[in-house]
1. Of the numbered conditions (1) at pLDDT 95 or above; (2) in contact with a helix residue (DSSP H, G or I) (Cβ under 8 Å, 6 or more places away or on another chain), residue 65 satisfies every one except a single condition; which is it?
2. Across the stretch 128-150, what is the number of residues that are over 16 Å from residue 21 (Cβ atoms) and open to solvent by less than 50 Å² (accessible area, probe 1.4 Å)?
3. Working only within the stretch 14-26, note down all residues that are modelled with pLDDT of 95 or more and either within 22 Å of residue 69 (Cβ to Cβ) or in a loop (DSSP other than H, G, I, E, B) (or both).
4. Is it the case, given these coordinates, that residue 57 is in a loop (DSSP other than H, G, I, E, B), more than 18 Å from residue 33 (Cα to Cα), at pLDDT below 95 and among the small types (Gly, Ala, Ser)?
5. Of all residues in the stretch 81-105, count the ones that are under 14 Å from the mean Cα position of the chain (by Cα) and either assigned to a helix (DSSP H, G or I) or not β-branched (Val, Ile, Thr) (or both).
6. Of all the residues that make up the stretch 45-79, how many are closer than 25 Å to residue 122 by Cβ and either of a type in the set (A, V, I, L, M) or surrounded by 22 or more Cβ atoms within 10 Å (Cβ to Cβ) (or both)?
7. Please count how many residues of the stretch 80-116 are out of contact with any helix residue (DSSP H, G or I) (no Cβ under 8 Å at 6 or more places or on another chain) and either open to solvent by 40 Å² or more (accessible area, probe 1.4 Å) or without any contact (Cβ under 8 Å) to a residue 40 or more places away in the chain (or both).
Amino acid sequence: MENIVMKSLLVLYSYHHNNTEKIADVFAKVLAAQIKTPQQINPEELQGYSLIGFGSGIYGEKHHIFLLDLADKLPPVTNKKAFIFSTSAIMGKAKVAQDHSLLKEKLQSKGYMIVDEFSCKGFNTNSFLKLFGGMNKGRPNAEDLKDAEEFAQNLKRNL
């Protein structure tokens, strides 16, 4: 039986504490994926990938503006598989769904099929939190990274 190689790309914007980059590094190892920033992406080149992960930290209940701007510039595709990931100060199913909704909407409007989503806590020192030493210090932790690895393994198995 022929072994079909899934070509994967992670589009990542992570700068604050590099929380999301730690998660993306785990995904990249499991999926043998390249990691690029939104600024490094030429929207046309995404045609060459069978799976694309889009991720950043969450800022004001949405992904980073660089990622959202890239989503606006993407050409329409047909059934292209994608997943969304993030790190955030506050978790919970409804919260993650809300945080991911704008990027998800933009990608789906271009024809992307969102096959799964991942989020975990990230260290946060935004605004007044820095006065108290931040929130979620040490996150993502070893358990978060293990969850990220399992998530990526499942993606690989199911695609």
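1. Of the numbered conditions (1) at pLDDT 95 or above; (2) in contact with a helix residue (DSSP H, G or I) (Cβ under 8 Å, 6 or more places away or on another chain), the odd one out for residue 65 is (2).
2. 3
3. Listed by number, the residues that qualify are 23, 24.
4. The answer is no for residue 57.
5. Here is the first cut: in the stretch 81-105, the ones under 14 Å from the mean Cα position of the chain (by Cα) are 81-88, 96-97, 99-104.
If we keep only those that are either assigned to a helix (DSSP H, G or I) or not β-branched (Val, Ile, Thr) (or both) as well, we get 81-83, 85-86, 88, 96-97, 99-104.
Residues in the stretch 81-105 being under 14 Å from the mean Cα position of the chain (by Cα) and either assigned to a helix (DSSP H, G or I) or not β-branched (Val, Ile, Thr) (or both): 14 in total.
6. Qualifying residue count for the region: 15.
7. Number of matching residues: 18.
The values are calculated or read from the model by the stated rules, or taken from the named source; none is laboratory data. Computed from a prediction, not measured in an experiment: that's the story for all the values here. Every residue, glycine among them, receives a Cβ derived from its backbone with ideal geometry; neighbour counts consider all protein chains shown. Heads up: the accessible areas ignore ligands, DNA and RNA and are worked out on the full protein's heavy atoms, side chains in. Shrake-Rupley method; radii C 1.70, N 1.55, O 1.52, S 1.80 Å.
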